[in-house]
Amino acid sequence: MTDPSATHATGLRLENVAIALGSRTLVSVDHDIAPGDVLTVMGPSGSGKSTLLAFIGGFLDPVFSARGRVHCNGTDITGAPPQTRRAGLLFQDPLLFPHMSVGGNLVFAVPPSVAGRTARRQRAGDALGDVGLDGFFDRDPDTLSGGQKARVALARVLVSDPAFMLLDEPFSKLDAGLRDQIRRLVFERAKARRLPVLLVTHDAADAEAAHGALIELAPAASDGAGP
Amino acid sequence: MLRFAPPLALFVLAAPLACGLMGTVLPAFGFLPALGGYQLSTRPFADLFGQPGLWRSALQALMIGLLTTAISLAMVAGFVCAWYGTRAFRLIQHLVSPLLAVPHAAAAFGFAFMIAPSGYLARLFSPWATGWERPPDLLVVNDPAGFALIAGLVIKEVPFLLLVTLAALPQVPALRSLRLSQSLGYGRMMGFMFTAWPPLYRQIRLAVFAVIAYASANVDVAFILGPTTPQTLPVRLVGWMNDPELSMRFMACAGACLQIAVTAVALLIWVALERIAGPVAEGICETGRRFRRDGFARLAAGGMMAASALLVFGGLGVLALWSVSGLWQFPSALPDALTWRTWQRTGPALSGPLATTIIIALAATAISVAIALACLQRENETGRTGGNRALALVYLPLLVPQIGFLFGLQLLLIAGDADASWAALILVHVVFVLPYVFLSLSAPWRAYDGRYEAVAAALGAPAGRVFWRVRMPMLLRAVLVAAAVGFAVSVGQYLPTLLVGAGRFPTITTEAVALGSGGDRRVIGVYAFLQMLLPFVGFALATLVPALLFRNRRAIRGL
């Protein structure tokens, strides 16, 4: 298993990435995200910012076409299957698997290199404690508060030992007070692990809190033929 | 591997259909080497047209198909337009939905037991209201005009059309259209009819066609409730097909061609009616009348729906009661005594057909669910839904009259010495089970939030693990419900079992229909009760298993 803070960690490199729908280019980005840095991509809904995340994560819908390369810590991952990219994904919904316990969600994410049931549960329990949720292992995710669910989602991503983080407006559905708290927690953990972070949002406060480079996308051209 | 799923589904649905149609058409023109028919001729058709009362039978099948569909659709449309978005809607919806699982034959028997001159309704009102001390001499069931048959079909097609409509409702902005038209001053019923129904109807059109095809070519319900002199065309055809005189099969195949034509004409007439109905409705709409006083119409629409559901439930209850009744004379509303005698007496004869029914239904359902899952998962991988063409294909076995290709399929299987085998029987059930499983499963499957899979894959889970550990458990209830639907469809199949099984694989359904409506009510009660019990057990399991498995998971346990 690679140590995320190893010296060869060079971050996430987006080399002339451009995503198009038919003949219309939605996004084009050429940027390096150093370990521990955040790149914020801002734009209104429909501007294609989630599409960019899908491309980097390896889930691009086949209706889109993409150019350019993505490198992670020096390795080209452009064509790699999503399973091997080690992308830490956070969406605006926590998307906890509803049929598993809170702990089960985390154990599912623990890398296979951690062998043995006890060791895996131990790792998951530690990750829960790390986000202030000791003792939540056997809880039903549906019984958690919004803030607790967001913490579990973060813990689940972190315990999977990601190489970089992809954040798709992860704070937009939280209450104002809570949003600030979770935002700080996420950025702080990413920085501590020296993970490059790509954040897409339409909230200027997110961009401000990220303290990083900012790319603003133009609104999608309105041609009246949208779905 | 999944790449082969859509072609496989296509093959499973279309191959029996195409082979069967060919196997029907060739003998209809005299070509059937197995029975010595080597030369093409129009003799079978000449024989067919020489049959007494043939045109009456054919015309009746046509009218029954159209009337059943028109009444069922009017009831569903009236109900949805009048009550959508209310508590009464949900109440009646929950009352009607389970009826989809009741096999046609069981519902028809129950209906006969309710409306017959010596039936339960007459008993309830006799002698105090009617003065009848003995059953009146009226031909209510098996009436020559076929009213009982139409009513018996309507009470089963209404739940089907309602469920299809309910599945289509989320795809149209129904509630917003209703609110908008109401704020413009329209009455609830016509406001919905003018704004939300047209796009809704477009979504359910294929299902309506399936009802026409089914009702115009139905055998089992027509055998139980339909006219007898002459019987409707499909019933007569099955009689000829099973005639010991093998040469009758040429004529039976010619008759099956006529049946296909009858169903096709019914469909064409319906399409013509659609063309007329559209402009007429537009004309009414353009007058600007608001139809605000629709209280009575709404009551009627809701009342008819509830009455038809209660009639079926009542009929099923009466069936169950007959199966355990001792002496039960007219006009007593309840039997004098309850006894297990009929069950004990029929028990030994029941176990064989019961086992056959369950084995075929389980196998056909398992195969269908596997194929449907593979197709949907393939669709999920490629991001392409088959679109309307694929939907029409799935509906294909439901749009062609069963008789039309089952006759030919039976002859081909006989020629290949493969008739009356478990494999043939299970596969022919798959032809009818797969469409329902697919239709039932596709909506929840496509509505699934794919971001869960993205999260799981990003966490490093390989495709198989994502499918089995994340998607399947989350959709377990939908899969089990689809399986229960498939199981119910298989249990209710009459004609495929009878023809492909060549009478050597009796099931609960074929045995029940064979008893006919004139048979011993207690024995009919036993068979029909079992017929409805099997689907009920399926649906109960589909509800209980996830509830038990996920009892500590509030978001998906379902109960």
statement: Scanning the stretch A:66-90 for residues that are surrounded by fewer than 15 Cβ atoms within 10 Å (Cβ to Cβ) and touching a residue at least 60 places away in the same chain (Cβ under 8 Å) gives A:Gly74
- line: In the set A:Pro4, A:Pro35, the lone residue that is at negative phi, modelled with pLDDT of 90 or more and assigned to a loop (DSSP other than H, G, I, E, B) is A:Pro35
Candidate set: the stretch B:459-496, residues that are surrounded by fewer than 24 Cβ atoms within 10 Å (Cβ to Cβ) and within 24 Å of A:Ser50 (Cα to Cα); chosen: the one farthest from the other protein chains (Cβ to nearest Cβ): B:Phe467
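Which of the residues belonging to the stretch A:104-118 are of a type outside the set (A, V, I, L, M) and either touching a residue at least 60 places away in the same chain (Cβ under 8 Å) or not in a loop (DSSP other than H, G, I, E, B) (or both)?
Scanning the stretch A:104-118 gives A:Gly104, A:Asn105, A:Phe108, A:Pro111, A:Ser113, A:Arg117, A:Thr118.
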message: Can you confirm whether B:Tyr436 is within 14 Å of chain A (Cβ to nearest Cβ) and touching a helix residue (DSSP H, G or I) at 6+ places or on another chain (Cβ under 8 Å)?
response: no
- prompt: How do the pairs read when you match residues in the stretch B:151-175 that are free of Cβ contacts under 8 Å to residues at least 60 places away in the same chain with residues anywhere that are not in a helix (DSSP H, G or I), using Cβ under 7 Å and keeping only pairs 6 or more apart or on different chains?
  reply: B:Val172/B:Ala196
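Of the residues B:Pro331, B:Pro353, which single one is in contact with a Pro (Cβ under 8 Å, 6 or more places away or on another chain) and not in a helix (DSSP H, G or I)?
B:Pro331
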- request: Identify all residues within the stretch B:291-335 that are surrounded by 14 or more Cβ atoms within 10 Å (Cβ to Cβ), more than 20 Å from B:Phe111 (Cβ to Cβ) and either at pLDDT below 80 or of a type in the set (D, E, K, R) (or both); write none if there are none.
  value: B:Arg292, B:Asp294, B:Arg298
task: Look at B:Phe223 and say whether it is aromatic (Phe, Trp, Tyr) and either in contact with a Ser or Thr (Cβ under 6 Å, 6 or more places away or on another chain) or within 17 Å of B:Val513 (Cβ to Cβ) (or both).
output: yes
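Out of all the residues in the stretch B:527-546, is one or more within 14 Å of chain A (Cβ to nearest Cβ), crowded, with 20+ Cβ neighbours inside 10 Å and part of a helix (DSSP H, G or I)?
Yes, the stretch B:527-546 has at least one match.
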message: B:Tyr448 - would you say it is out of contact with any Asp or Glu (no Cβ under 7 Å at 6 or more places or on another chain) and more than 9 Å from chain A (Cβ to nearest Cβ)?
response: yes
query: Just checking, which of B:Ala483, B:Ala502, B:Ala488 is modelled with pLDDT under 90 and more than 26 Å from B:Ser118 (Cβ to Cβ)?
result: B:Ala502
message: Given (1) in the same structural domain as B:Arg205 (by TED's automatic domain parsing); (2) without any contact (Cβ under 8 Å) to a residue 12 or more places away in the chain, identify the lone condition not met by B:Phe31.
response: (1)
message: Looking at the structure I just gave you, is A:Asp161 acidic (Asp, Glu) and within 20 Å of the chain's Cα centre (by Cα)?
response: yes
- request: Could you check, for the stretch B:475-489, whether at least one of its residues is over 30 Å from B:Ala108 (Cα atoms) and either of a type in the set (A, V, I, L, M, F, W, C) or out of contact with any Pro (no Cβ under 6 Å at 6 or more places or on another chain) (or both)?
  value: yes
field: Filter result (away from chain B (no Cβ under 14 Å), touching a Phe, Trp or Tyr at 6+ places or on another chain (Cβ under 9 Å) and either acidic (Asp, Glu) or not in a strand (DSSP E or B) (or both)) within the stretch A:56-77
entry: A:Asn73
- request: Run down B:Ala457, B:Ala461, B:Ala447 and say which single residue is out of contact with any helix residue (DSSP H, G or I) (no Cβ under 8 Å at 6 or more places or on another chain), closer than 30 Å to A:Ala80 by Cα and small (Gly, Ala, Ser).
  value: B:Ala447
field: Residue check for B:Leu427: touching a residue at least 12 places away in the same chain (Cβ under 8 Å) and more than 13 Å from chain A (Cβ to nearest Cβ)
entry: yes
statement: Picked from the stretch A:78-103 (must be hydroxyl-bearing (Ser, Thr, Tyr) and not in a helix (DSSP H, G or I)), the residue nearest to the other protein chains (Cβ to nearest Cβ) is A:Ser101
- prompt: Can you tell me which residues in the stretch A:108-123 are more than 7 Å from chain B (Cβ to nearest Cβ) and crowded, with 21+ Cβ neighbours inside 10 Å?
  reply: A:Val110
query: Looking at the stretch B:342-365, is at least one residue assigned by TED's automatic domain parsing to the domain that holds B:Arg522, buried (at least 17 other Cβ atoms within 10 Å of the Cβ), touching an Asp or Glu at 6+ places or on another chain (Cβ under 8 Å) and farther than 22 Å from B:Ala207 by Cα?
result: yes
query: Do you know which residues across the stretch B:281-311 are in contact with a Lys or Arg (Cβ under 8 Å, 6 or more places away or on another chain) and assigned to a helix (DSSP H, G or I)?
result: B:Arg298
Subset tally (residues that are touching a Lys or Arg at 6+ places or on another chain (Cβ under 7 Å) and among the aliphatic types (A, V, I, L, M)) for the stretch B:33-74: 1
message: Which condition from (1) closer than 16 Å to A:Pro162 by Cα; (2) touching a residue at least 24 places away in the same chain (Cβ under 8 Å); (3) aliphatic (A, V, I, L, M); (4) surrounded by fewer than 18 Cβ atoms within 10 Å (Cβ to Cβ) is the one that A:Val63 breaks?
response: (1)
field: Close pairs (8 angstrom Cβ cut-off, 6 or more residues apart or separate chains): over 30 Å from B:Leu327 (Cβ atoms) in the stretch B:523-546, of a type in the set (Lys, Arg) anywhere
entry: B:Ala542/B:Arg477; B:Thr543/B:Arg477; B:Pro546/B:Arg477; B:Pro546/B:Arg557
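The values are calculated or read from the model by the stated rules, or taken from the named source; none is laboratory data. Computed from a predicted structure; not experimentally measured. A quick note on method: Cβ atoms are made from the backbone with ideal geometry, for glycine too, and the neighbour counts reach across all protein chains shown.
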